[in-house]
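Enquirer: First the structure, then my questions, so here it is.
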Amino acid sequence: MKNFIRNVAANIVAILLLGGIFFIFFTVLMLMSAATGNKKAHVKKDSVLTLDYHTSIVDGPNDGQAGIFSFQSKNNNVMVYDVVEAIKKAKSDDKIKGISIETDFISAGITQLDDVRAALEDFKKSGKFVTAYGNNVSQAAYYLGSVADQYYLHPAGGIELKGLSAEVMYMKSFAEKYGIGLEIIRHGKYKSAVEPYMRDDMSPENREQLSTILNDIWSDTASKISASRKIHQNDFKTVVDSLYGVIPELSIKHKLADKLVQKSEYNDLLKQKLKVKEDKDLNRISISKYISSFSDKGKKDNQVAVLYASGAIYGGEGYDGIYAENFVKEIQSLAEDKNVKAVVLRINSPGGSANASDEILFEMQKLKKKKPVVVSFGDYAASGGYYIAMAADKIYSEKNTLTGSIGVFGMIPYLKEAANKNGIYTHAVTTNANSNHISMINGLSPGTVSILTQSVEGTYNRFVHFVTQNRKKSFQQIDEVGGGRVWSGTRAKELGLVDELGTLNDAIAYAAKQAKVSDYNVSAFPKKRSQFEIFLKDFEENEVAARIISRKIGKENYELFERVTDPKLQSVVMMGMPYQIKLQ
């Protein structure tokens with residue numbers, strides 16, 4: 001009995017100690033979070049604003065958040081809107097004498113790079129300097145850095161300037177080899193989200209749309225780089241085709257860079273520009289710290305809310321994406337908030353669940369009846385991402401946004417052949433013809449394919465219906481540019497799928513004008529998640545497994561794997577885009 005009491009007491013003490021440790025840990029976590037959030041940087045006289053490799057440029061407040069136990073790098077995530085505003089402020093800030101771009105690799109989407117680059121072009125009108133330095137420079141980093149007055153390169157460095165390519169992985173034979181069956185239903189010959197599972201080579205339709213998109217984006221990118229570096233476009237094409245940027249001496253010869261210098265020599269050059277003595281420190285301030293130095297002077301009763309729709313679209317609740325239940329609550333809250341005079345829906349999504357997209361569109365339509373709704377497209381606004389934009393008073397797209405993909409598909413995997421080869425068989429007892437309509441082993445029942453085809457067609461017709469209403473075009477006109485085809489923002493403007501080519505800032509300015517407010521504050525929604533929420537998310541079993549698998553097989557391959565295995569993406573009609581395009 002004494003031993004029993006002793007063991008019980010020991011267990012109680014252990015539980016209390018464990019609880020105490022967790023309480024202290026959470027308290028410290030919250031205090032650290034609060035301290036970080038409230039800390040403002042001090043800007044010294046004669047400072048250089050620096051864009052460096054510690055900075056990741058993201059779209060929304062919760063994009064790219066790394067968990068405490070995450071494998072991701074702990075870079076400073078800064079929103080593209082804030083970066084652009086910081087560069088605007090630096091243009092007239094007497095303490096900021098110039099900007100230095102010092103990144104070999106930069107984490108940012110192509111439209112985010114476009115916006116920051118345009119802001120830097122505008123900054124140069126102030127007469128202040130913009131310089132850049134690189135060592136082993138990625139194509140994306142060079143695209144940004146090429147805007148500088150002078151580009152300095154490490155003597156043993158190089159510039160990865162190669163153009164764009166799209167390589168698609170096909171898995172039809174792989175699935176057949178291992179006995180994985182896939183029932184696929186789609187509308188649109190360009191709806192290539194499921195093509196990797198249907199064939200072993202690229203269809204002519206997919207090759208056509210990829211070629212068009214890549215050439216649209218590269219034409220815009222190449223023209224900006226060649227103009228900044230004062231290289232004739234024909235010569236620039238030769239430089240890219242020949243990979244001259246890889247060799248530092250050829251980078252100088254062909255005007256990609258101005259001088260080969262060590263990093264310490266570059267720092268001395270900056271000191272010379274600032275007229276700082278060699279023995280004195282160079283006052284640098286990172287873009288993230290400079291943003292933190294701002295004081296919010298906007299009026300709380302005049303807000304333009306930017307609602308960020310970032311990631312894939314799912315039903316229910318969750319993190320890391322657009323979950324209909326969470327997102328609907330955000331929309332409803334903005335609708336009732338009297339301080340919010342207008343809403344800008346910033347979309348950076350390749351789509352996802354058709355049902356969830358429809359839920360979001362319905363709430364956005366209700367919101368539109370109460371206050372102006374303007375849409376801004378980021379890197380992606382395709383399929384479901386385009387669908388949820390159909391409540392907009394006006395749609396702004398970046399030139400290099402991937403949008404459209406007006407199409408629908410459904411995909412159900414099954415393992416009959418693999419199971420049978422390994423001696424596994426299933427037999428079902430049913431009450432009705434299609435009671436066992438979807439089986440993980442046997443696939444679809446005879447009547448299910450027919451009804452799912454009707455469902456896909458019905459969803460496509462509903463998709464096109466909302467597009468015709470918003471874009472004021474006929475069903476035939478939208479169907480001709482639909483069929484699952486993806487367009488660049490430039491082409492989307494020509495086709496009437498968007499209203500204007502412009503940035504998030506342009507959309508915000510238009511929304512404020514529609515709301516008839518001139519003095520306003522820009523607020524971001526959903527609010528940034530706390531460290532405590534991120535910590536709890538880290539312990540979710542599926543999140544841990546996802547990180548491990550993604551790290552092993554690569555992010556892009558994991559996304560293909562997820563389409564087949566993720567229960568959130570099964571047994572639903574999907575509005576999704578097949579790929580991502582990056583400047584790296």
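The values are calculated or read from the model by the stated rules, or taken from the named source; none is laboratory data. As the structure is a prediction and not an experimental result, all values here were calculated from the model. Heads up, the Cβs are rebuilt from the backbone with ideal geometry, glycines too, and the neighbour counts pull from every protein chain shown.
Enquirer: Please enumerate the residues belonging to region 88-119 that are part of a strand (DSSP E or B) and either closer than 21 Å to residue 311 by Cβ or not assigned by TED's automatic domain parsing to the domain that holds residue 158 (or both).
Expert: 107
Enquirer: In addition: Condition check: free of Cβ contacts under 8 Å to residues at least 12 places away in the same chain and in a helix (DSSP H, G or I). Does residue 123 satisfy that?
Expert: So residue 123 fails the test.
Yes/no matrix, rows are residues, columns are (1) touching a residue at least 12 places away in the same chain (Cβ under 8 Å); (2) out of contact with any helix residue (DSSP H, G or I) (no Cβ under 7 Å at 6 or more places or on another chain):
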site: 155; (1), (2): yes, no
site: 165; (1), (2): yes, yes
site: 171; (1), (2): yes, no
site: 180; (1), (2): yes, no
site: 196; (1), (2): yes, no
site: 200; (1), (2): yes, no
site: 207; (1), (2): no, yes
site: 228; (1), (2): yes, yes
site: 264; (1), (2): no, yes
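Enquirer: Looking at 287, 231, 291 in this structure, which one is of a type in the set (A, V, I, L, M), over 30 Å from the mean Cα position of the chain (by Cα) and more than 30 Å from residue 481 (Cβ to Cβ)?
Expert: From the options 287, 231, 291, the qualifying one is 231.
Enquirer: Would you mind stating whether residue 152 is buried (at least 20 other Cβ atoms within 10 Å of the Cβ) and assigned to a helix (DSSP H, G or I)?
Expert: Spelling it out, it is not the case that residue 152 is buried (at least 20 other Cβ atoms within 10 Å of the Cβ) and assigned to a helix (DSSP H, G or I).
Enquirer: Please state which one of 144, 250 is part of a helix (DSSP H, G or I), over 30 Å from residue 480 (Cβ atoms), of a type in the set (A, V, I, L, M) and assigned by TED's automatic domain parsing to the domain that holds residue 115.
Expert: None of the others qualify; the one that does is 144.
Enquirer: Follow-up question, since we're still on this one. For residue 329, only one of the following conditions fails: (1) part of a helix (DSSP H, G or I); (2) of a type outside the set (A, V, I, L, M, F, W, C); (3) outside the structural domain of residue 521 (by TED's automatic domain parsing); (4) more than 23 Å from residue 87 (Cα to Cα). What is its number?
Expert: (3)
Enquirer: What's the number of the only condition in (1) closer than 23 Å to residue 89 by Cβ; (2) assigned by TED's automatic domain parsing to the domain that holds residue 370 that residue 336 fails to meet?
Expert: Every condition holds for residue 336 apart from (1).
Enquirer: Further question on the same structure: Which residues, taken from region 365-390, are surrounded by fewer than 24 Cβ atoms within 10 Å (Cβ to Cβ) and either touching a residue at least 12 places away in the same chain (Cβ under 8 Å) or under 16 Å from the mean Cα position of the chain (by Cα) (or both)?
Expert: Result: 365, 366, 367, 368, 370, 371, 372, 390.
Enquirer: Another question about this same structure. Go through region 454-510 and give me each residue that's among the charged types (D, E, K, R), part of a helix (DSSP H, G or I) and over 22 Å from residue 110 (Cα atoms).
Expert: Within region 454-510, 457, 462, 471, 479, 480 meet the criteria.
Enquirer: Which of the residues that make up region 438-462 are under 16 Å from residue 185 (Cα atoms), of a type outside the set (Ser, Thr, Tyr) and in contact (Cβ under 8 Å) with a residue 24 or more places away in the chain?
Expert: 438, 443, 444, 449, 452, 456, 457 - these are the residues of region 438-462 that are under 16 Å from residue 185 (Cα atoms), of a type outside the set (Ser, Thr, Tyr) and in contact (Cβ under 8 Å) with a residue 24 or more places away in the chain.
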